[in-house]
1. Against the longest alpha carbon principal axis of chain B, how many degrees, from 0 to 90 and to the nearest 10, is the axis of helix B:87-102 turned?
2. Evaluate the Kirkwood expression for the hydrodynamic radius of the range A:294-343, namely the inverse of the mean inverse distance over all pairs of different C-alpha atoms, and round to one decimal in Å.
3. From zero up to wherever the largest Cα-Cα distance of the protein assembly as shown sits, split into 20 Å bins and tell me the percent of pairs in each.
4. Using a label point 7 Å beyond Cα on the Cα-Cβ vector, give me the inter-copy distances for B:Ser29 in nanometres, one decimal, shortest first.
5. Cα axis of helix A:235-248 to longest principal axis of chain A: angle in degrees, 0 to 90, nearest 10?
6. For the ranges A:43-49, A:336-342, B:279-285, B:108-114, what's the packing order if you count other beta-carbon atoms within 10 Å of each residue, average per peptide, and put the highest first?
7. So how tilted is helix A:45-58 from the main axis of chain A? Cα-based, degrees 0 to 90, rounded to 10.
8. Enter the mean number of other protein chain beta carbons within 10 Å of the beta carbon of each residue in B:56-67, as an integer.
Number of protein chains: 2
Amino acid sequence: MSKSNGRARQRRGSDQPTLAEVAELAGVSPITASRALNTPERVNDATRQRVLDAMDHLGYVPNLVAGSLASARSKFIAVIVPSLANAVFIEVIKGLQSTFESAGYQILLGNTDYDVEREHQLVRTFLGWSCSALVTAGLRHTPACRELLAGCDRPVMEVMELGEAVDLNVGLDHHAAGGRMASHLLERGYRHVVYVGARMADDYRARMRYEGHCKVLETAGLEPSLIELERLGSLEAGAQGLDQVRNDHPDTEAIHFANDDLATGALLHAQRLGLRVPGDIAIAGFNGLSLGQHVTPRLTTIQSPRETIGRIAAGEVIKRLAGSRVNRRRHDVGFHLLEGEST
Amino acid sequence: MSKSNGRARQRRGSDQPTLAEVAELAGVSPITASRALNTPERVNDATRQRVLDAMDHLGYVPNLVAGSLASARSKFIAVIVPSLANAVFIEVIKGLQSTFESAGYQILLGNTDYDVEREHQLVRTFLGWSCSALVTAGLRHTPACRELLAGCDRPVMEVMELGEAVDLNVGLDHHAAGGRMASHLLERGYRHVVYVGARMADDYRARMRYEGHCKVLETAGLEPSLIELERLGSLEAGAQGLDQVRNDHPDTEAIHFANDDLATGALLHAQRLGLRVPGDIAIAGFNGLSLGQHVTPRLTTIQSPRETIGRIAAGEVIKRLAGSRVNRRRHDVGFHLLEGEST
DNA sequence: TACAACGATGATAGCGCTATCATGGTAGCG
DNA sequence: CGCTACCATGATAGCGCTATCATCGTTGTA
């Protein structure tokens, strides 16, 4: 009884048709069917059409897992970001996705929640998926993770900030950006300036901007002061930041927020409190989110080209994957000051 | 010469160590090494430790592609959304991701740009990756795509709205939500109400809300009017919507916007124009984004539990994958009216 | 003490595809 | 007309892993 089914070892993964069945229906060998799909120019037009018809007829869906195993590479690009809550990373992802998808790559998205151990774990998983390249936000990794990235023999793109990258690097100089805004505030005549950041132990790019900010203030002979919020950037937190500044540093003339979410939250809160901006207090942000340009007064901020970062990063990776030597390993996308009326 | 290298057929995909090498070092068979990783409870503790040590020593990274091929299933969950520009989908994705990742699943993200053909293509690709389940935003697909989903023999979760789903369904009743807001506006005494949407041919959930809105107005003996914007929801478009309403329907008392981005854009624009909200014009939105609750007056809107949708959807899919029969195939997450001062 | 039950491990055979080499046919060339 | 060059196609052999069945002790129970 148990032997009645002669092929007990049969363990087809699914009832999906396979390339072999397509090939049989089309009257060609499996490898020709494979070529009809992957390198159509190497197959006679008529043959190819016959194969495609057979695929259509059977409702064939290529098993990409098998293809990847056989060819030892997949059309996956691993993208690792620290957070999805932050519009900044979303926009970078958009830039990456549109470019990669149009080149036929599929994005594998990982979220570290600002945890470098988690990042290491994700890198391992993605390498296990034979991804063609990795894109990760930031230059900070655990030593083991950095080693893994350096030795993994595929393009590694680190985006957002510039510095000592493992391989490719697209971003901007956050230190300079923070300094630029501080200079702007000083030019406007503000002397009592406070920097407000959120969870800066995690958000080290905000800390880099703060360092740039400090340097400028110190050069001008001013004492920098910092308020650090517990919660990550949000309108909520920005409002709270404003309250805290008014409480701890009542003589403050201008607040330099670590990002636009905080700054806009503070600006809207100031309106509720009946404060004049910038008359009573000036407010500046960072990022150049659309939101900040729709409030009154418009937010003074630093425009960072986020979607562009994604697009350029994807472009460079694609170039590299296509085999062309990439000339520039580091790419500074720059930034510019957007002067609103809030300062 | 060409034969000197006896094993010319050698084509190792990479120089990564394999399970076989790990097994050899640990002095066990490959299958035991595999079990040490995947079903540790079926391996003697000492043996398992020896295997894990060997893995550590060699820097072994499991080839998940090979594993998926052999086992005919992957730890991938396909997630297909129409847009990444819209905060709503981002939040759903966050809910999905946190839940799926903690259950050991990896998300494959696809973006259709509101194109059902593109969706079909993505479904094919993801099925080709042997994903364990598919989550897609919305119930509208091409017939071929729907057929593919129905026949693919794994959990299919359709989120956002409720209706005739292929398999599982988590969402809310957009028709009712649109009606609820219309009722609110009528209760407030507004009679000249305009609905403003953006690209509603694509955003058919906005159209469903509009239909609910119309029904309520018609029941009250009022004539609904609609303004449709070309651009997708954004603060920018909302401002433009307000201008257009004031131009085309100067006697309008209240505007029911298709979403909070539009509504907030209009609200901020009204402030710039010196209009009183709701004195000169009342404004309502949909979604309950945090932004709308930080402007003055606070936006009246409908709170949709977006991250919850993602979390519940992921939970149901995981239950199904774990083998337990899912009792409820449809799950209404509901909504509630958030009364701000803008109406 | 015999035998079923179970726990730990191994041998074998693929999963569905593609890299590699091989083959037969046709065109180009002196 | 013989030769190389190239094009279209096929045969073979894996990619690295796991499903399945088999094996061999060790326990527990009658």
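The values are calculated or read from the model by the stated rules, or taken from the named source; none is laboratory data. Nothing here was measured: the structure is a model prediction, and the numbers come from that model. Every residue, glycine among them, receives a Cβ derived from its backbone with ideal geometry; neighbour counts consider all protein chains shown. SASA here: full protein model, heavy atoms, side chains in, ligands and nucleic acids out. Shrake-Rupley method; radii C 1.70, N 1.55, O 1.52, S 1.80 Å.
1. For helix B:87-102, the angle is close to 30 degrees.
2. For the range A:294-343, inverting the mean 1/r across all distinct Cα pairs yields 13.1 Å.
3. Histogram of Cα-Cα distances, whole percents per bin: 16, 44, 31, 8, 0.
4. Sorted ascending, the copy-to-copy spacings read 3.4 nm.
5. 30
6. Result, highest mean first: B:279-285, B:108-114, A:336-342, A:43-49.
7. 80
8. 5
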